[in-house]
Amino acid sequence: MSSLIGNHIQKFDTLDSTNNYIAKYCESEKMAEGTVILALEQTEGKGRFFKKWHSDTGQNLTFSFLLRPKNLKASTPLILTKWVCSAICLYLENTGFKPVIKLPNDIFLNGKKVCGILIENKLQNDLITRSIVGVGLNLNQVVFDSDFQHEATSLFKEDGSKRDIDQELNLLLSYLSYCFSRSLSDLEFTEFTFLKFLGRSCYRLTGDEREKINILSVQNEGVVTYQNEIEEIKSCALDDLKLQL
């Protein structure tokens, strides 16, 4: 993978989806690894499980970047998620916030979602050969759709400071590059950073029931080990977990 995310940056006023743009053109245009596609507006921004990501035009950071992993097993996809989440949390922490990661790919501030991450992988045999990492970070948005008004926040809503999109993009890309470079020489760095910000104390939702749990570990293969209120230790697949902070 590239040691520097953002060597090439392309900016657009409007795209349907920055992830879709990379998927469509990365091969035909021989797009370089680390290329960043930024859109001020995404008409079909998407999240996990095809959920729509809504963002006011020109108010937030909505971008994607291309990775071409080497020897990354398809059975360990959470390695990328941990790295990206860790980098964004370090960026937020050093900006004065206290971010919390909500498994598998959301970042919260004060109990509300401020950032979502979508990673789409291309597989060949048992390896991940291409990854498109999409990031949606709420910078300056004040009003959200009624369905999300009480669940979402932005950096502006948290501290009252307007931020320049280009400046924040460059700063965040520097953290992504730093965390990747650091992880190459220190295999435990990403794991330690991820667990530092992980919202371990949370609720597992099953139908109408809510069970308080404490997450003990998250394996790169997607297995989560947790302890419940009666101190039983259990494990399950991340995809089978529905969590609430």
Between THR43 and ASP239, what is 0.36 nm times their sequence separation minus the Cα-Cα distance? Round to one decimal in nm.
67.8 nm
Rounded, prolate or oblate: which fits the stretch 201-244 when a ≥ b ≥ c are the square roots of the eigenvalues of the alpha-carbon gyration tensor, with rounded for a/c under 1.5 and prolate only if a/b beats b/c?
oblate
Describe numerically, in nm with one decimal, the distance between label points set 7 Å from Cα along Cα→Cβ at THR95 and at ASP16.
3.0 nm
The stretch 9-197, dipole about Cα centre (Lys/Arg Cβ +1, Asp/Glu Cβ -1), debye to the nearest 20
440 debye
Cut-off under 13 Å on the C-alpha distance; same-chain residues fewer than 8 positions from LYS70 excluded. Which aspartates and glutamates are left, in chain and number order?
GLU33, ASP126
Checked against the structure, the computed Rg and Dmax of the Cα atoms in Å among [x] 17.6, 56; [y] 21.4, 63; [z] 20.5, 61 is the one labelled [x]
Pulled fully out, how much extra length does the chain show between ASP166 and HIS150, if you take 0.36 nm times their separation in residues and subtract their Cα-Cα distance?
3.0 nm
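None of the figures in this text is laboratory data; all of them are computed from the coordinates on show. Because the structure is predicted, anything quoted here is derived from the model rather than measured. When we count neighbours, we look across all protein chains shown, and the Cβ atoms used for this are built from the backbone with ideal geometry, even at glycine.
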